[in-house]
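Have a look at the structure below before the remarks.
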Amino acid sequence: MSRIVYVNGQYLPEAEATVSIFDRGFLMADGVYEVTSVLDGKLIDFAGHSVRLARSLKELDMAAPCSDEDLLEIHRGLVARNDVTDGMIYLQVTRGNPGDRDFAFPDPETTKPTLVMFTQSKPGMAESPMAKTGIKVISIEDIRWGRRDIKTVQLLYPSMGKMMAKKAGADDAWMVEDGHVTEGTSNNAYIVKNGRIITRQLSHEILHGITRAAVLRFAKEAQMVVEERPFTIEEAKQADEAFFTSASAFVMPVVEIDGASLGGGTPGPVAKRLREIYLEESRKTAI
Ligand code: PDD
């Protein structure tokens, strides 16, 4: 069955979906995106993702392609048309196609944003084998731009980071700036020491993860201590546990950092517990 995708008001088989070569997303990486997970055919934390999308658009002076109600309807339309039980919905909004290449932003009255959405089916994604074994990360320098809080489609360096990790026999890279971990290539980073969960505070330096917000809320509700501050790779290597969070991996234990194994090389109790709580609570509020 061909996947049905959404482009500017139309549901189409993926082979028939097109975007102009003059689209600013393609020419300038002038676009933002969201990734929302689907479990049991329902959207996890849709409200969080739509609030962050609105913020990303506002920060870049970009027009919203449609209302939140329409966005929800399209998300649901794609889940239904592609029969997605578990997986992700990818959404991308760009500043559109001005019909030519120009560094200056086009007039929003005449150039409408481009909205593209598609599904990625991942049956059983909540039972990922990697969540049981944990993953390995390497550290790399963070050379991305200074507004990482805006979820833009400038993903070249994170892609390069992922390839550096693969080449080193690891699964992902944690990026380091001024001696402190910012975040993973596509996730927020955490360590656990003496029962305290430590993760970098929100700023322009990191993406304000929707999963991060939920996990920290659940951790506090479960009386766990959360410390929001930067940490170094050395501190991480000495930690009792490490993990990361993202909409596509939920809570993922990290068992090795730059070759040093953590917690005897197996996922720790805090990461395991947070993953359980996150999945349980998120399923309850999925829509
Ligand atoms: N990535 N930090 C970065 C740089 C990210 O790209 C992501 C998400 C996160 C976690 O945010 P959230 O919890 O809202 O997913 C943090 C998505 C999943 C992606 O690019 O596929």
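The values are calculated or read from the model by the stated rules, or taken from the named source; none is laboratory data. This structure is a prediction, so every number in the text was calculated from the model and none was measured. Cβ coordinates were reconstructed from backbone atoms using ideal geometry, including for glycine residues, and neighbour counts include every protein chain displayed. Heads up: the accessible areas ignore ligands, DNA and RNA and are worked out on the full protein's heavy atoms, side chains in. Shrake-Rupley method; radii C 1.70, N 1.55, O 1.52, S 1.80 Å.
Assorted remarks:
- Compactness relative to 2.2 N^0.38 Å, alpha carbon Rg of region 146-206: 1.20
- Exposure of residue 45 as accessible area (Å², to 10), given a probe of 1.4 Å and all protein chains: 50 Å²
- Normalised by residue number, the volume inside the convex hull of the Cα atoms of region 129-285 is 106 Å³ per residue.
- Antiparallel DSSP beta bridges within region 129-285, as percent of all bridges there, nearest 5: 60 percent
- Look at the alpha carbon pairs under 8 Å that are at least 6 residues apart: their mean separation over the length of region 129-285 gives a relative contact order of 26 percent.
- Under Karplus coefficients 6.51, -1.76 and 1.60, residue-wise ³J(HN,Hα) of region 270-287 in Hz, glycine/proline x: 5, 4, 4, 5, 5, 4, 4, 4, 4, 5, 5, 5, 5, 4, 5, 9, 5, 10
- Using a probe of 1.4 angstrom and keeping all protein chains present, the accessible surface of the chain works out to 47 square angstrom per residue.
- The GluC sites (Glu not before Pro) of region 92-146 that meet both conditions, a loop assignment by DSSP and at most 15 other Cβ atoms within 10 Å of the site Cβ, are 109.
- Most to least packed among 168-174, 158-164 [average Cβ atoms within 10 Å]: 168-174, 158-164
- Relative to the longest principal axis of the Cα atoms of the chain, the long axis of helix 46-59 makes an angle of roughly 70 degrees.
- Kirkwood Rh (inverse of mean 1/r, distinct Cα pairs), region 110-161, angstrom: 15.4 Å
- Spherically averaged projected area of region 116-219 from its Cα convex hull (nm²): 8.4 nm²
- In region 129-285, the portion of solvent-accessible area held by carbon and sulfur atoms comes to 54 percent [1.4 Å probe, whole percent, DNA, RNA and ligands not counted].
- All C-alpha pair distances within region 199-287, sorted into 5 Å bins from zero, spread as 3, 13, 23, 25, 22, 11, 3, 1, 0 percent across the bins.
- Region 1-75 and region 198-230 have their alpha-carbon centroids 26 Å apart.
- Label separation (residue 26 vs residue 223): 5.8 nm, computed from points 7 Å beyond Cα along the C-beta direction.
- Of 284, 122, the order by accessible heavy-atom surface (1.4 Å probe, DNA, RNA and ligands excluded), from most exposed downward, is 284, 122.
- Proximal lysines to residue 272, defined as alpha-carbon separation beneath 18 angstrom and excluding residues fewer than eight positions away on the same chain: 132, 136, 193, 220
- One compactness figure for the chain is 1.02, namely its Cα radius of gyration divided by 2.2 N^0.38 Å.
- Order of exposure, largest accessible area first, which applies to 227, 241 with probe 1.4 Å: 227, 241
- The alpha carbons of region 4-123 stretch over 44, 31, 20 Å along the principal axes, in descending order.
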